[in-house]
Amino acid sequence: MSRIAPLEPPYAPEIQSQFDAIMPPGVPPLVLFRTVATSERAYKKFRNASLLDRGPLTLREREIVIDRTCALTGCEYEWGVHVTIFAAAAHLTEEQVRATVREPANAVCWTEAEQALIAAVDALHHTATWNGSEFDALRAHYSDDKVLEIIQLCGFYRTVSYFANALDLPLELNAARFPQK
């Protein structure tokens with residue numbers, strides 16, 4: 001059970017319309033959304049910071065960043081939701097999904113560009129910056145717009161991980177679980 005009780009249906013009309021806008025038809029809102037929505041201010045800020053729109057990264061690049069960020073923060077909740085919903089559409093293999101949690105950035109299952117991307121995510125997580133060689137490796141494959149999006153995604157999904165982990169959200173029933181060794 002979450003440390004803060006999530007909203008339960010029926011939802012206020014404004015909240016219901018917001019849930020409808022982000023969830024597929026017939027799919028109930030995630031516990032994360034229902035819990036953050038218990039505070040109008042927190043949910044508004046959460047929605048405004050969201051990067052669910054199409055940005056400059058491909059779906060595959062976006063999901064690699066999100067999955068790796070969630071794995072590094074130990075956030076099985078959000079990692080599992082993203083893997084379940086987006087891994088197939090992002091053309092991530094089982095080996096690559098596993099690697100987001102269990103392998104170093106230079107795992108052979110990734111392209112050179114993806115290795116640079118994962119190394120950049122790892123560096124942001126561990127040091128909150130990039131050294132010159134990390135930035136140069138990233139810029140060899142990604143435009144300024146993509147670099148800025150990578151930074152924003154890492155920060156936003158670290159915050160999402162803080163919500164899910166700190167509130168001890170129960171894992172979504174149909175979501176993937178971290179791979180075992």
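What follows is calculated from the coordinates using simple rules that are stated; it is not laboratory data. Quick caveat, the model's predicted, so the values are computed rather than measured. Using ideal geometry, Cβ is built from the backbone for each residue, glycine included, and neighbour counts are taken over all protein chains shown.
Descriptive notes on the structure:
- Which of 141, 107, 160, positive extreme of dipole for segment 59-166 (C-beta unit charges): 160
- For segment 160-165, 3J(HN,Hα) per residue [Karplus equation, 6.51 cos²θ - 1.76 cosθ + 1.60, θ = phi - 60°, Hz, x = Gly/Pro]: 4, 5, 4, 4, 5, 6
- Total charge dipole magnitude, the chain, about the Cα centre, Cβ charges on Lys, Arg, Asp, Glu only, Debye to nearest 20: 400 debye
- Cysteine residues of the chain whose C-beta has no other cysteine C-beta under 4.7 angstrom: 109, 154.
- Between segment 125-181 and segment 4-21, the alpha-carbon center distance in angstrom: 27 Å
- The H on the amide N of residue 7, modeled in the peptide plane, is under 5 Å from the matching H of 35, 38, each at least 5 residues off or on a different chain.
- Degrees between helix 40-49 axis and first principal axis of the chain (Cα, 0 to 90, nearest 10): 30 degrees
- Nearest-ten-degree value, helix 76-86 long axis tilted from longest Cα axis of the chain: 80 degrees
- q = 0.15, 0.20 Å⁻¹, segment 1-159: log10 I(q)/I(0) [Debye, one scatterer per Cα]: -0.84, -1.30
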